[in-house]
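Reviewing the structure listed below.
The values are calculated or read from the model by the stated rules, or taken from the named source; none is laboratory data. Predicted model only: the values in this text are computed from it and were never measured. All Cβ positions, glycine included, derive from the backbone under ideal geometry; neighbour counts span all protein chains shown.
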Amino acid sequence: MVPIEGLVTRPSLRPATAVLALTAVWLLVAVAFGVAGVLMPVPAWLLWPSAIGATGTAMLACRIAAATGQPVISAFWRRITATMVWLCVGSVLQLGHRLFIADTEELTPAAGACFAVAAAFGMMAVVRLPHPRRTWRAGVATGLDMAIVVTAAAIVFSHFLWSADNPAIGGGAATAAFLMIVMIAGSAAVAAVIKAGVTGAGPVLAPALWTLTPIGLLSPAAWILTPVLAPWPHLDPSVASLPVASLLVSAAAWVQARTNTSGRAAAAQPTIVRRHGAWRSISVVPYLAVAAVATMLTVVTVRNGYLSSGLACGSVVLTVLVVTRQLLALLDNAVLLDRLDSQANHDDLTGLPNRRLFTSTLARRTAPTTVAVCDLDGFAALNDQLGDETGDALLRAAAERVGTVTGRDAVVARLLGDEFGLLVPGGDTLLAERLVLAFRTPLRVDSRDLLVTVTAGVATGAGDEVPDLLRRAEVALQAAKYTGADRSREHSGALDATAQHHAELAAALRRGLELGEFRLLYQPIVELPSGAVTGVEALVRWQPTDKPIVSPAEFIPVAEHSGLIIDLGAWILDQACADAAAWQRGHGPSGPRVNINVSARQLLDPDLPGLVASALHRHGLDPDRITIEITETAVFAGGAALETVRELRELGVGLALDDFGTGHSSLTLLRTCPVTTLKVDKSFIDDLNGTAEQEAIASSLSTIASTLGLRAVAEGVETRDQADRLHALGYRYAQGYYFARPVPAADIAALLADPVPVP
Ligand code: C2E
Ligand code: MG
Ligand code: MG
């Protein structure tokens, strides 16, 4: 059955409240009896019925509390139920014995045994609470805290128990044993507080545990009250403590039932979490115990003028325990400080020093030093494709590989994401190259081999230059990425100037975008041999005010690196679709289709397909009127970029592989990437009439394209000879200065009317 929202019934809190009220009534009966007994003679055994009633109702309360979704918590409450059952049975036996067998208040062995079993269950409930997996030191510390509490309790209790004027001793051995049991149960309750702070069931069980802990105070209270209440035998504090303890148990059970009914218990998994706030207050408990003992010892010494040997021995044991606990705390602090220091300076994933440690090491050096930095090519896409876990394993494998490049005196650090740094004493300008080489061998990641290349930058220097080496190496790395040709670069003053130029260019680009300094030119793509314009490629131009026009070859990479390409690309897409729609309306089906260039960075933007769809819709354009041009390199790594490309193709737009033959040029890509057009790079066209090999390549590319049902477009056709040859080799489409240069949209109509045929 499917639960319907709003109709799901949660367990009610009412039974728990009723049982709590009933327990309170039993306590009131006990109090009323106590008060009455002071005023008139009443038999002492009359206290037992309220003890039986209270423990019985508390038992019911525990059963209700045990009805929670979590086995650990249910088990705790089942054990407390057993405790209450045995206390109840013991009380019944004691009352029965008093009424029907012997006219004595002395505790019977059978009842004593029941109470002992009850205490055992109570202890077990506490001991079996879940606890976080701790280090041996933390275990010893908790053990010492417990030992301090129990020793302190033992000193206090034994003093009262064996002091000559305590009438409880007169009750016989069984009474003394019963009192001892209650005493131990009291200590166990205090121990429960300690455990509550470290318990894994924490937020679910802790509030109830805190409600239970005052039970620990009951036994000392009973001891203190025993001599005081001696004149009224019906007010035996040990028996009277049973209804009080029962009320506390019922109250704790009610707190648990409330947690259960609020649904928190079911939602919270019993994770082993140490709650620091609670832990801090727990640590105070042993000290409170010690303070209580110290106060008691002072009072006893002042009153008697001496300290008994038993108490003196006890206080020595306590002192030893406290000192040991302090030493352990000091040791813990030292270890903690070490760990914090290490965490602040190391990377969690790889265990390598982090950027902070790397820069501080660098800052302390003046001797000649080399710094190299590298990052994994296309890591973001790979991480998307492989998933975070394998991505992490890849980073660990890469960290290990980086470490193999240098000797022991080097510092290898993970600087940021997939960027690693190396600090080597002396001048070693080949370090970056060695890094690149080291990654020529595939990395072993999760029992598979992954070939991941890196780009690296290196800088060397001495004296004042050393602290600046990381920045310089990073500038060199960025330069290597910009050019794309070299996988490693060495820093030079010129690179700083370039980096500065790029930064300025990025700022100017942003302004240019706001001021509308961009426009689109269109270069025809013609059919061979007629020269009829079938399509155009949109090519962006930037004309900053009062400055010469900037080539896209210069500003597109800067726009990519600064992320501005996203906004610029959106503008280009919108403008190109607007022009394509105008041609569709003006020329009908024979109007030129428009090719739009999209860079690698844009393909990593998951919003791109949505952006294209909305531009098509906005301008009322058929999807097959545009073709998106992408480069092989952008989609070669697969991952998110390839996913975006597939989504684009599903929209119905064409897809062209631009500059084909200059990138990775894997023929597999033609299968995995749903392209419709190959744009054969200008470099193959340039040398057409030169060597036979060059011609063979150009001709094969045309054949492959037609075999796979793709259209091949020859790019950068500058001469009539080239056009002739291409036609002879089977090319049906071409683009280049020979046919037309990129022109404003307004000039396209004229070119449509006046084709340049290939004779
Ligand atoms: P591309 O996409 O391969 O564009 C072709 C480039 O070759 C254009 O340069 C074009 O003017 C030039 N070209 C065409 N025919 C000839 C020829 O016969 N001889 C010679 N020497 N060159 C020829 P442009 O416009 O400077 O663009 C350069 C590159 O900038 C483009 O290469 C493209 O990668 C990028 N780009 C241009 N416009 C955009 C754009 O709107 N968005 C994006 N993302 N990139 C663009
Ligand atoms: Mg292009
Ligand atoms: Mg091209």
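With respect to (1) in contact with a helix residue (DSSP H, G or I) (Cβ under 7 Å, 6 or more places away or on another chain); (2) more than 16 Å from ligand 1 (Cβ to nearest atom), the lone exception for THR707 is condition (1). Please go through region 614-635 and give me each residue that is more than 16 Å from ligand 3 (Cβ to nearest atom) and closer than 19 Å to SER599 by Cβ, ordered by number. Across region 614-635, the qualifying residues are ALA615, ILE626. For region 666-681, the condition of being within 16 Å of ligand 1 (Cβ to nearest atom), more than 30 Å from THR644 (Cα to Cα) and part of a loop (DSSP other than H, G, I, E, B) holds for none of the residues.
Checking ILE566, ILE572, ILE596 one by one, the residue that is within 27 Å of GLU517 (Cβ to Cβ), within 16 Å of ligand 2 (Cβ to nearest atom), touching a helix residue (DSSP H, G or I) at 6+ places or on another chain (Cβ under 8 Å) and free of Cβ contacts under 8 Å to residues at least 60 places away in the same chain is ILE596 and no other. Here are PRO755, PRO759, PRO744: which of them is at pLDDT 95 or above and away from ligand 2 (no atom under 16 Å from the Cβ)? Among PRO755, PRO759, PRO744, only PRO744 is at pLDDT 95 or above and away from ligand 2 (no atom under 16 Å from the Cβ). Taking the conditions (1) more than 21 Å from ALA600 (Cα to Cα); (2) free of Cβ contacts under 8 Å to residues at least 24 places away in the same chain; (3) not in a loop (DSSP other than H, G, I, E, B) in turn, GLY709 satisfies each one other than (3). Here region 539-553 is the region considered, the condition is being in contact with a helix residue (DSSP H, G or I) (Cβ under 8 Å, 6 or more places away or on another chain) and within 9 Å of ligand 1 (Cβ to nearest atom), and the residue that is farthest from GLY591 (Cα to Cα) is ARG541.
Of note, ALA329 does not satisfy the criterion of being over 30 Å from GLY426 (Cα atoms) and either assigned by TED's automatic domain parsing to the domain that holds THR406 or within 21 Å of the chain's Cα centre (by Cα) (or both).
Matching residues to (1) of a type in the set (D, E, K, R); (2) at pLDDT 95 or above:
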residue	(1), (2)
ASP348	yes, no
THR359	no, yes
VAL371	no, yes
CYS374	no, yes
LEU382	no, no
ALA398	no, yes
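For region 599-627: of the residues being over 15 Å from GLU650 (Cα atoms) and among the polar types (S, T, N, Q), which is nearest to ligand 2 (Cβ to nearest atom)? Applying the filter and picking the extreme gives SER599.
Selection of region 87-131 for residues being of a type in the set (Lys, Arg) and either free of Cβ contacts under 8 Å to residues at least 40 places away in the same chain or in a helix (DSSP H, G or I) (or both) yields only ARG98.
Scanning region 347-380 for residues that are in a strand (DSSP E or B) and assigned by TED's automatic domain parsing to the domain that holds ALA398, we see that the one that is surrounded by the fewest Cβ atoms within 10 Å (Cβ to Cβ) is ASP375. If you filter region 628-645 down to residues that are at pLDDT below 95 and charged (D, E, K, R), you find that the one that is nearest to ligand 2 (Cβ to nearest atom) is GLU632. The condition (being over 21 Å from THR359 (Cα atoms) and surrounded by 12 or more Cβ atoms within 10 Å (Cβ to Cβ)) is satisfied by just one residue among VAL445, VAL475, VAL466, VAL458: VAL445. For ASP658, state whether it is charged (D, E, K, R) and within 16 Å of ligand 3 (Cβ to nearest atom). So ASP658 passes the test.
Criterion applied to LEU688, LEU710, LEU726, LEU651 was being farther than 18 Å from THR633 by Cα and either touching a Pro at 6+ places or on another chain (Cβ under 6 Å) or outside the structural domain of ALA553 (by TED's automatic domain parsing) (or both), and the one residue passing it is LEU651.
Conditions tested, residue by residue: (1) hydroxyl-bearing (Ser, Thr, Tyr); (2) not in a helix (DSSP H, G or I).
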position: ALA393; (1), (2): no, no
position: VAL405; (1), (2): no, yes
position: LEU415; (1), (2): no, yes
position: THR429; (1), (2): yes, yes
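Can you name every residue in region 734-751 that is surrounded by fewer than 21 Cβ atoms within 10 Å (Cβ to Cβ), in contact (Cβ under 8 Å) with a residue 40 or more places away in the chain and within 16 Å of ligand 3 (Cβ to nearest atom)? Scanning region 734-751 gives ARG741, PRO742.
For GLY663, the stated conditions hold: it is farther than 18 Å from ALA576 by Cβ, within 16 Å of ligand 2 (Cβ to nearest atom), modelled with pLDDT under 95 and not aromatic (Phe, Trp, Tyr). Residue pairs whose Cβ atoms lie under 8 Å apart, separated by 6 or more positions or on different chains, with the first residue in region 236-254 and closer than 16 Å to LEU46 by Cβ and the second not in a helix (DSSP H, G or I), are ASP236/GLU105; ASP236/LEU229; PRO237/LEU229.
For region 492-547, give me each residue that is within 16 Å of ligand 2 (Cβ to nearest atom), surrounded by 17 or more Cβ atoms within 10 Å (Cβ to Cβ) and charged (D, E, K, R). Scanning region 492-547 gives a single hit, GLU537. Test GLY610 against the stated conditions and say whether it is more than 14 Å from ligand 1 (Cβ to nearest atom) and crowded, with 17+ Cβ neighbours inside 10 Å. When the stated conditions are applied, GLY610 does not pass them.
For VAL645, are the conditions met, namely being without any contact (Cβ under 8 Å) to a residue 60 or more places away in the chain and of a type in the set (Val, Ile, Thr)? Here the answer is yes, as VAL645 does meet what is asked.
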